[in-house]
Amino acid sequence: MDYDVVIIGAGVAGLAAAANAADGKKSVLIVERHGSFGQETSSRSSEVIHAAIYYPKGSLKAELCVKGNHLLYELAKKHSIPFNNCGKLIVAVNEDEEKKLPGIMAKAEEIGAEGLRIVDRKEMARLEPKVSALSAIYCPTSGIIDSHSLMKYFLGKAKDGGADCLFGGEVSAIEKTNGGYELSVSETNGGVSKVSAVIVVNCAGLSSGDVAAMAGFDVDKLNYRISYRKGVYFRVLRKLDRMPQMLIYPVPPEDATVGVHTVPELSGGMRLGPRDEWSKTLDYSVDGKLLPVFHEAVKSFLPVLDADDIAPDMAGFQAKRYGPGEPSRDFVIREESGNGFPGFINLVGIESPGLTSSPAIGLMVKELIDGCLG
Ligand SMILES: Cc1cc2nc3c(=O)[nH]c(=O)nc-3n(C[C@H](O)[C@H](O)[C@H](O)COP(=O)(O)OP(=O)(O)OC[C@H]3O[C@@H](n4cnc5c(N)ncnc54)[C@H](O)[C@@H]3O)c2cc1C
């Protein structure tokens, strides 16, 4: 099989790339090891449309999150993808936290977050009577989106543009050839097929470092090696008379996470999370012993919630380009001629805000592909 473009991975990034790449003019194949799309990280997130609050100025994370926020709302409205522009509050529960709000807000505005304002206790009580806080930053552009429907939309657009899909096929080897690359794809029936491509787009999420290594990249030198950060959620069981309708986030703790927050769901339920920790393995189980940790994390701003109102729910893993104790690193979205791999496009370390950024990631990948094909 010969293709102009082969995209490895049918998570939200690969599907967004395919939706933009498949324009009827070039042949595109999506190869996904599972029997369907979105079986890994993209279906295990908070589904938050982020406003771009905490990313470093000038980073791809900041730029693509701001663009992606606008594009996601446009796509959702135009294509009936369920979403809720519910807004978010970052709540300060004591005077020390309150002092941090103006600094958080100024940094976020600098990178492009829009419409932020500080709300006092009186307005807080009106906006979210179940939440207890001294004051908060109100982010009107935050929301939630049905990530499954979003991926389904991207896949449909890719197919309409002529893309083929090979589900149940794991890319197991990549060789450089004269005019591009030859991929070995191990299929669930035990067979191995060969696919040639002028352009390869590595959107393999948690395996993006392994796929890059498979092609011959020096993943340690380039900081493409992936570390797993496990995020765990607990479910709120009680039918609260009125659950917070907005996303409620604490002022970020000192551990460089955004902290355990409420995640209102489009179905009407609510989760708490994620609580993050580094992990060497991909074990998706949720330890019930974390219950007191979750209750402790939210009880100061959500006093209506008792410990027995929550129960273990689910976990997901972020693909990070850095490990414990290392500084945070940006997304890599790069055409790799500079590293000796013309036509090889790597997407490595697509952690949060990858879902929010996905439409902007798709556009960026299309530009890189068009740049290669001339
Ligand atoms: C707990 C948690 C909370 C999050 N919350 C948010 C949020 O609220 N908002 C937000 O914007 N982002 C959030 N994110 C981040 C977001 O979910 C990710 O950035 C995004 O889903 C990554 O998409 P992806 O396509 O890169 O990866 P994935 O969804 O993991 O897709 C990669 C695909 O590649 C396939 N693959 C891998 N190797 C091969 C191979 N060799 N051959 C064939 N196929 C292969 C895999 O099977 C997989 O389907 C969160 C993430 C987590 C874990």
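Bear in mind that the values in this text are calculations on the coordinates, not laboratory data. Bear in mind that the values here come from a model prediction, so they are computed numbers and not experimental data. Please note: Cβ atoms are built from the backbone with ideal geometry, for glycine as well, and neighbour counts cover all protein chains shown.
Lysine pair count for the range 48-127 with Cα-Cα distance under 22 Å and sequence separation of 8 or more or different chains is 19. When a/c reaches 1.5 or more, the comparison of a/b and b/c decides; with that in mind, is the chain rounded, prolate or oblate per its Cα gyration tensor? Verdict is prolate for the chain. Phi angles of the range 191-196 translate, via the Karplus equation with coefficients 6.51, -1.76, 1.60 and θ = phi - 60°, into HN-Hα couplings of x, 10, 10, 9, 10, 10 Hz per residue; Gly and Pro are given as x. In order along the range 32-43, phi translates into HN-Hα couplings of 9, 6, 7, x, 8, 7, x, 8, 10, 4, 5, 10 Hz, rounded to whole numbers, per the Karplus curve 6.51 cos²θ - 1.76 cosθ + 1.60 with θ = phi - 60° and x for Gly and Pro. Using the Karplus relation 6.51 cos²θ - 1.76 cosθ + 1.60 with θ = phi - 60°, the per-residue 3J(HN,Hα) values for the range 166-175 come to 10, 8, x, x, 9, 5, 10, 7, 9, 10 Hz, with x marking Gly and Pro.
Name the shape class, rounded, prolate or oblate, that the alpha-carbon gyration tensor gives for the range 154-283, where a ≥ b ≥ c are the square roots of its eigenvalues, rounded holds for a/c under 1.5, and otherwise prolate holds if a/b is larger than b/c and oblate otherwise. Intermediate values should be presented prior to the final figure.
Details: a/c = 2.86, a/b = 1.85, b/c = 1.54.
It comes out prolate by the Cα gyration axes.
From the alpha carbon centroid of the range 309-360 to that of the range 129-169 is 16 Å.
Each Lys and Arg Cβ is given +1 and each Asp and Glu Cβ -1; about its Cα centre, the range 9-73 then shows a dipole of about 160 debye.
Helix by helix, which DSSP H runs in the chain go 18 Å or more along their axis at the Cα atoms and have an average Kyte-Doolittle hydropathy of -0.5 or more?
For the chain, where a helix must reach 18 Å along its axis and average at least -0.5, the hits are 60-78, 354-373.
Selection among Ala17, Ser27, Pro102 by position relative to the dipole of the range 1-132 gives Pro102 as farthest towards the positive end (Cβ unit charges, Cα centre). In terms of other Cβ atoms within 10 Å, Asp210, Asp220 run from fewest to most in the order Asp220, Asp210. Between Cys165 and Ile30, the built amide H atoms are under 5 Å apart, and every one of these is 5 or more places off in sequence or on another chain.
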